[in-house]
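Okay, so here's the structure we're looking at.
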Amino acid sequence: MAVLFATLPIRAQMVSGSKAVGEARELGVSREEAAKGFSVTQVGGSAPANILWPRETAQLDFRIKNTATEEIRSQGVWRLYRYRTVGRPDDLWNPRFEILEELPPIDMSLELAPGASKDLQLPISLPETFGGYAIILDMGKLGRRFAAGMVRAVAATPGRTRLPAYALDLPHSFEELQGGAVALQRLGVKGARIEVNPFSVEEGKAGEKKQAFSQCLDTIQAHEIAVMVTSGTSSFPMPLGLVRKHLTAEGVMTGVKGDWAWLPEHDRAYQQWIFWLASTHGWPKGPVNALELW
């Protein structure tokens, strides 16, 4: 799977998680403020992909671990924030994070021996206001940890759409793709794009690669998503033995996107791969509604 879904390197890419400008600082979980003596991890929950439709509530399951050498005996609170991200005209790839509202905190107490862990459940009832929400575990002098993100969204309309009006990227690894497909379905996003390296259907590991990619596409199909497959290659030899970056007006390679096409003698192998992909997973039999050559 690692070879099949090897990432196509793109320097300009939207940041995610705590990399959004100001997020760690606004939530109090920057490197200087974050807790050093404990960790918190979401290990389960009742809301698919942590996305709630109108009037739905949820229960989140967390595991807290004492990573220090001393016992923890402390009172703390779960802090909930409604937030948004704002595009920046000077740098659209790095949105700015803004807290819109702090919700009433939820008290908690924690007693943990060094190295010990504790599982607990947190009932969550978000406001009906649509948008993103962040959950922070604040243990006072011990510091803060980001615990989970949630979304209140419009209920999705069921069913497939061949030509969706909106689409998002899906992750490369199957484990992440599963969660991503659930999230897109809950959000009502009917289209997606995935990147894949084509391969020769006559090579020794072709059966294994077909099975792995088919598993991904079947998962996408099960969540009512149409997908455009973007193909680059690290499987077939390329001219000059490298990705040919776009050129400046002076004929110098840039440091960003480039041409991933292979040598012409491998066109037949690519055509065979495309035939297998389209005949096996093409719309309406499968989720593939478009092909893109990177």
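In the stretch 160-175, the qualifying residues are those that are out of contact with any Gly (no Cβ under 7 Å at 6 or more places or on another chain) and surrounded by 13 or more Cβ atoms within 10 Å (Cβ to Cβ), and the one that is nearest to residue 196 (Cα to Cα) is 172.
Among the residues making up the stretch 112-125, those that are within 26 Å of residue 46 (Cβ to Cβ) and touching a Ser or Thr at 6+ places or on another chain (Cβ under 8 Å) are 123, 124, 125. Residues considered: 191, 232, 207, 179. Of these, the only one that is more than 30 Å from residue 272 (Cα to Cα) and out of contact with any Cys (no Cβ under 7 Å at 6 or more places or on another chain) is 179. Scanning the stretch 218-257 for residues that are in contact with a strand residue (DSSP E or B) (Cβ under 7 Å, 6 or more places away or on another chain) and closer than 15 Å to residue 289 by Cα turns up 220, 225, 226, 227, 228, 229, 230, 231. Show the residue pairs meeting these rules: Cβ distance below 7 Å; 6+ apart or different chains; first residue within the stretch 149-176 and farther than 22 Å from residue 52 by Cα; second residue surrounded by 15 or more Cβ atoms within 10 Å (Cβ to Cβ) and of a type in the set (Asp, Glu). Between residues of the stretch 149-176 that are farther than 22 Å from residue 52 by Cα and residues that are surrounded by 15 or more Cβ atoms within 10 Å (Cβ to Cβ) and of a type in the set (Asp, Glu), the close pairs are 172/195. Contact map, the stretch 83-100: residues that are farther than 16 Å from residue 25 by Cβ paired with residues that are modelled with pLDDT under 85 and of a type outside the set (Lys, Arg), Cβ distance under 6 Å, separation 6+ or inter-chain. Pairs shown: 93/12; 93/14.
The values are calculated or read from the model by the stated rules, or taken from the named source; none is laboratory data. Keep in mind that this is a model prediction, so the values were computed, not measured. For neighbour counting, all protein chains shown are included, and Cβ atoms are generated from backbone atoms with ideal geometry for every residue, glycine included.
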